[in-house]
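In what follows, a single structure is set out as structure tokens and then discussed.
The values are calculated or read from the model by the stated rules, or taken from the named source; none is laboratory data. Bear in mind that the values here come from a model prediction, so they are computed numbers and not experimental data. Cβ atoms come from the backbone with ideal geometry, glycine included; neighbour counts cover every protein chain shown. For accessibility, only protein heavy atoms count, side chains too; no ligands or nucleic acids. Shrake-Rupley method; radii C 1.70, N 1.55, O 1.52, S 1.80 Å.
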Amino acid sequence: MTHQINWEFPQALEDEAIYILRETAAQFEKPVLLFSGGKDSITLVRLAQKAFYPGKIPFALLHVDTGHNFPETIEFRDWLVNHLGLDIIVRNVQDSIDQGKVQEETGKYASRNALQTVTLLDAIEEGKFDACIGGARRDEEKARAKERIFSVRDEFGQWNAKMQRPELFDILNGKINIGENVRVFPISNWTELDVWNYIRRENLRIPSIYFAHEREIIERDGLYWPYSPYLNTTAEEVPYRQKVRFRTVGDMTCTAAVLSEADKLEDIIAEIMEAKISERGARIDDKRSEAAMEKRKQAGYF
């Protein structure tokens, strides 16, 4: 049965997100916006533009580059920063590896996704950032559903679900102790469909990998993995070309594609309406264990 497509974006969600961004700028000394080049962080940039217009966005972007990103994402990141005149700080996981702070994973499922936590925490300490604005949403994954809008991290950057504060009547409490910082999630109450309808309404440019395109893939564990030099494959995993797109953007080693013909925003939205699994269902890093995301968050992950 075909669902009726909902093209409407709830204006209250934008109003709430802008309120959260303004509260963040008012309550913290040095916020930063965590930028991945994905649709959620692109949405945050647009919201920040609106929140502080006609002034400049009053905080920099921070991108933790694993070195295994999709080239299309890096190309888009550089275009957006130049197009909007944004300040960006880029920190590289390779530097953390070279410094001996983390060790490169080996084996069939090797990925740098978990390694970027150390690089992120070092960047937060180096920049003295007391608030890190992220694009996580509660509908994505059960661990993210536990977080508040202002999610407190301890002096080691770690998250404790039992340390979460009540946020009654939209009152946000940014008071923290020395050494602590807060992760801020302005679009926490949005859904994947809300994000796409917002992108459509605002006519936002996004990386090309979100649209159906042909690329080399392999099949593994019932998923379509993008073939790349960073992926450790077996002799049986022979790459072939297939038309696919990506619902979520992570490393090339931990983000699976979906078979798709959707090459327009309207087609993507219609496809999402029919989807039987969440977008995080295509994130291989979440499948390492039942509590994979929660464990990464407890260690300081985004």
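Overview of results
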quantity	calculated
Cut-off under 5 Å, modelled amide H: who pairs with Asp65 long-range	Arg91, Asn92, Val93
Distance in nm between pseudo-label sites at Gln164 and Asn177 (7 Å out along the Cβ direction from Cα)	2.1 nm
Over the chain, relative contact order from alpha-carbon pairs under 8 Å, at least 6 apart, %	21 percent
Projected-area average for the chain over all orientations - Cα convex hull basis, square nanometres	16.1 nm²
Ranking by accessible area, most exposed first, for Trp79, Trp159 with a 1.4 Å probe	Trp79, Trp159
Gain upon complete extension [Ala145, His213; 0.36 nm per residue less C-alpha separation]	21.3 nm
Rounded percent of accessible protein surface that carbon and sulfur make up, the range 220-284, 1.4 Å probe	53 percent
Cα-projected label distance for Ala60 with Glu126, points at 7 Å along beta-carbon direction, nm	0.9 nm
Amide proton proximity set for Ala60, modelled H, under 5 Å, gap of 5+	Leu33
Extension gain, Asn82 back to Asp221 (0.36 nm per residue minus Cα-Cα distance, nm)	46.1 nm
Percent of beta bridges antiparallel (DSSP, the chain, rounded to nearest 5)	60 percent
Over 15 Å [Cα-Cα, the range 40-79], rounded percent	51 percent
Peptides ranked, highest mean first, by Cβ atoms within 10 Å: ranges 110-119, 213-222	110-119, 213-222
Part-to-part distance (alpha-carbon centres) for the range 79-95 and the range 122-157, which is given in Å	20 Å
Label-reachable residues, the range 38-58, where backbone N falls under 18 Å from a point 7 Å from Leu204's Cα toward its Cβ	38-53, 57-58
Rounded to the nearest 10 Å², the accessible area of Glu261 at probe 1.4 Å	130 Å²
At R0 = 22 Å, FRET efficiency that the Cβ-Cβ distance of Asp267 and Ile74 yields, to 0.05	0.30
For peptides 194-200, 49-55, sequence by mean Cβ density within 10 Å, most packed first	194-200, 49-55
Per residue, in Å², the accessible surface of the chain once ligands and nucleic acids are set aside, probe 1.4 Å	47 Å²
Dipole-positive endmost among Tyr210, Val118, Thr66 within the chain (Cβ charges, Cα centre)	Val118
Only Lys, Arg (+1) and Asp, Glu (-1) charged, at Cβ; the chain dipole about Cα centre in debye	420 debye
Per-bin percent of Cα-Cα distances, the range 85-222 [5 Å]	2, 7, 12, 15, 16, 19, 15, 9, 3, 1, 0
